[in-house]
Amino acid sequence: MSVMLRPTDIGELCDLVAAFAGKDDRLCLRGGGSKDAIGAPTPDVTVVDMRGFSGVVDYDPPELVLTVRAGTPLAEVQALVAAENQMLAFDPEGLGTTIGGVIAAGMAGPLRLTRGGVRDHLLGFEAVSGRGERFVAGGKVVKNVTGFDLSKLMAGSWGRLAALTEVTLKVVPRPQLQQTLLLRGLDPAAAVAVMASALGTPAELSAAAHLAWHGEPVTALRLDGFAPSVAARRAMLARDALAALEPIDDDEGDALWDAVRHVRPLASAPILWRIVVAPSKAPGVIIALPGAAWLLDWAGGLLWLASDSDPADIRRVAEAGGGHAMLVRGDTALRGAVSAFHPRSPALTALETRVRRAFDPAGVFETGRF
């Protein structure tokens, strides 16, 4: 059974990590635990509960910059910025997670398509390395170009480089209006073609997805902005051979994008894959894996797939589509036998190992989970 420790200040965390650097034991960094089921089971590691690092350090709404401790619940961060009519541009998914966990996982929601991912909005951070040393990187202003951009490395690092204790994020104004337009009954190939066509217009979509919604396939296009702008861009789409687009009310639109963000149509699937491919290749992946349930986000670039096909076949098909497949849900046996991450080339594996050892020479954070 795992042992859990909960440091509350950076000195305590530094001492803890430094002590483990000389042991055979490993430390598993944990935020809200929403991603615990990703990766191989690690029942005997020591868990570091990072929720002791919680609270707002600084928030300057006019400058669109927020600094917050990494263990702060995502819901609290979202409520804070929403009160100022602002939002996290990368549209994070994850229930019960912390802001540090969001950054470590690097998983963004539907707005990733047009507004960038986690790594694009992380301005700076404070962390503790595998040596037990505190370090900072980046800054607290949007235009910061000093030194190496270590923020890009920390986003999506899954707690394998360092323990995040504080993060500085760029936030954006919340749009005045969000309108969702639907086309019903399309197959995946037709849906991807429609989404590509709509994105190719000057209408400036913010998101596009294709999913089963209330028992039927729907292709959803989202427009954000000021009301007159949204109305003009909707009319623009209608002129571009998309006259059949049907608007839905705000509450249903919010529910639909929440379902996409949290992959709710596949919530009961025992096995779930996250496949990133070229959008035009997504229909081919679906055809190659018959019997699977799926959801398309990012205009087809992100395919959530519920399938019990052979993992090797799923990854082969993903590679043929120019992408990769990550196992995000499975039983203990499957997670123990199949790596969560898509296998890397030998050259990339060697590079990643060198980077990890630069931050964590003793492998304190190498739990065997990934």
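The values are calculated or read from the model by the stated rules, or taken from the named source; none is laboratory data. Keep in mind that this is a model prediction, so the values were computed, not measured. Cβ: placed from backbone, ideal geometry, glycine included. Neighbour counts: every protein chain shown. Heads up: the accessible areas ignore ligands, DNA and RNA and are worked out on the full protein's heavy atoms, side chains in. Shrake-Rupley method; radii C 1.70, N 1.55, O 1.52, S 1.80 Å.
Rounding to the nearest 20 debye, state how big the charge dipole of the chain is about its Cα centre with +1 on each Lys and Arg Cβ and -1 on each Asp and Glu Cβ.
880
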- Query: Using the scaling law 2.2 N^0.38 Å as the reference, what is the normalised Cα Rg of segment 177-261?
  - Reply: 0.99
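With a 1.4 Å probe and all protein chains left in place, how much of the accessible area of segment 300-356 comes from carbon and sulfur atoms, in whole percent?
Values: 1590 of 2770 Å².
Carbon and sulfur: 57 percent of the exposed surface of segment 300-356.
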- Go ahead and run the numbers for FRET between Leu199 and Asp308, Cβ-Cβ distance against an R0 of 41 Å, rounding to 0.05. 0.80
- Kindly report the accessible area of the chain per residue (heavy atoms of protein chains, probe 1.4 Å, no ligands, DNA or RNA), in Å². 44
- Using a 1.4 Å probe on the protein chains only, how many percent of the accessible area of segment 135-266 belongs to carbon and sulfur? 58
- Lys, Arg +1 and Asp, Glu -1 on Cβ, resulting dipole of segment 177-261 about Cα centre, debye, nearest 20: 340
- Would you mind telling me the share, in percent, of accessible area of segment 1-111 contributed by carbon and sulfur at probe 1.4 angstrom? 51
- Please name whichever of Ala70, Val48, Ala18 sits farthest to the positive end of the charge dipole of segment 1-80, dipole taken about the Cα centre and charges placed at Cβ: Lys and Arg +1, Asp and Glu -1. Val48
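So if R0 is 30 Å, what FRET efficiency would Phe135 and His262 give, r being the distance between their Cβ atoms, rounded to the nearest 0.05?
With R0 = 30 Å, the Cβ-Cβ based efficiency is 0.35.
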- Unit charges at the beta carbon, dipole of the chain: most positive-side option, Thr353, Trp257, Gln176: Thr353
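For the chain, compute the number of Lys pairs whose alpha carbons are separated by less than 26 Å, excluding pairs fewer than 8 positions apart on the same chain. Mind dumping the intermediate values first?
On the way: Lys35/Lys152; Lys35/Lys170; Lys140/Lys152; Lys140/Lys170; Lys143/Lys152; Lys143/Lys170; Lys152/Lys170.
Final tally of qualifying lysine pairs is 7.
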- Note on the structure: Cα-based Rg/(2.2 N^0.38 Å) for the chain, rounded to two decimals, is 1.02
- Could you work out the relative contact order of the chain, using alpha carbon pairs under 8 angstrom and six or more residues apart, expressed as a whole percent? 19
- Message: Angle check, please: helix 311-320 long axis (alpha carbons) against the longest principal axis of the chain (alpha carbons), in degrees 0 to 90, nearest 10.
- Response: 60
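Summing -39500 (n - 2.57) over the DSSP H runs of n ≥ 4 in the chain and dividing by its residue number, what mean residue ellipticity at 222 nm do you reach, to the nearest 500 deg cm²/dmol?
Values: 12 runs with 110 residues, N = 370.
Taken over the chain, the calculation gives -8500 deg cm²/dmol.
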- Query: Tell me, what ³J(HN,Hα) does each residue in segment 346-353 have, in order and in whole Hz, if you take phi through Karplus 6.51 cos²θ - 1.76 cosθ + 1.60 with θ = phi - 60° and put x for Gly and Pro?
  - Reply: x, 5, 5, 4, 5, 5, 4, 5
- Once all protein chains are kept in place, His214 shows an accessible area at probe 1.4 Å, nearest 10 Å², of 140
- Message: Whole-Hz ³J(HN,Hα) for each residue in segment 253-262, computed from phi via Karplus 6.51 cos²θ - 1.76 cosθ + 1.60 with θ = phi - 60°, x for glycine and proline: what do you get?
- Response: x, 4, 5, 5, 6, 5, 5, 5, 4, 9
- So who's got an amide H within less than 5 Å of the one on Glu166, skipping anything under 5 residues away but keeping other chains? H placed 1.01 Å off N, in plane. Ala70, Glu126
